[in-house]
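Read the figures in this text as sums done on the coordinates, not as results from a lab. Not measured: the values here are computed from a predicted model. So basically every Cβ, Gly included, is an ideal-geometry build from the backbone, and we count neighbours across all protein chains shown.
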Amino acid sequence: MIDIGTGDGLFVYQCARQNPKKFYIGVDASPRPLEKISEKIHRNPAKGGLPNAVFIQAALEDLPSELDGVADEVHIHFPWGSLLRAVAAGDENLLRNLRRLCSTDGFLEVVIGLDAERDRTEIERLGLKPLSLEYIDTELARRYRAAGFEIFERGMLAKSEWRCIKTAWAKRLRGSAGRELIYIVARATAPGQFPVASQR
């Protein structure tokens, strides 16, 4: 499992503890939030160390080729910046970078939590359209398909379900009344399965 934009790595750490037979990779462009968690996973297992987790400093635009095709799952929670543009605007080049991480039939899970007022500056900077289920079903589905993903589930999470997302950001943002949580789940498709030309 690869967590892109992992932040403080809490999601990866907790998943790795709960599933010792699965390998987890957290990726983030900023190294600072990863310093403490990176030290922690290398401790003795009795003191919190985890042999089935690793953290990598890398941007979405420059992911290591060693990660190509290794992920059965790719997760993105509360993206920002170019990562948000990739999944909320359907930037095809960035989505293709995510696609190359996936194994055959791997899937991508995205959780986006935007507040139209508080996040207005970033929304305008990235040129994002209002994120709705209709927008996902029409424009985003087409762009994801062109990049090698088929969206098979999407919806809105109720505030009571936020606790299921084990990230520090989910805890911080839970009290924001104007923030909506939208999720997208997409399956990686085989090359040529959904030809780009047929979608134009």
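Here are some notes:
- Other residues whose C-beta falls under 13 angstrom from the C-beta of PHE152 contribute a net charge of -2, scoring Lys and Arg +1 and Asp and Glu -1.
- Under Karplus coefficients 6.51, -1.76 and 1.60, residue-wise ³J(HN,Hα) of segment 67-77 in Hz, glycine/proline x: 8, 4, x, 8, 9, 7, 9, 10, 10, 9, 10
- Sequence ranges 138-151, 114-127, ranked by mean other-Cβ count within 10 angstrom, highest first: 138-151, 114-127
- Cα-based equivalent ellipsoid, segment 1-135: semi-axes from gyration tensor eigenvalues, Å: 28, 17, 13
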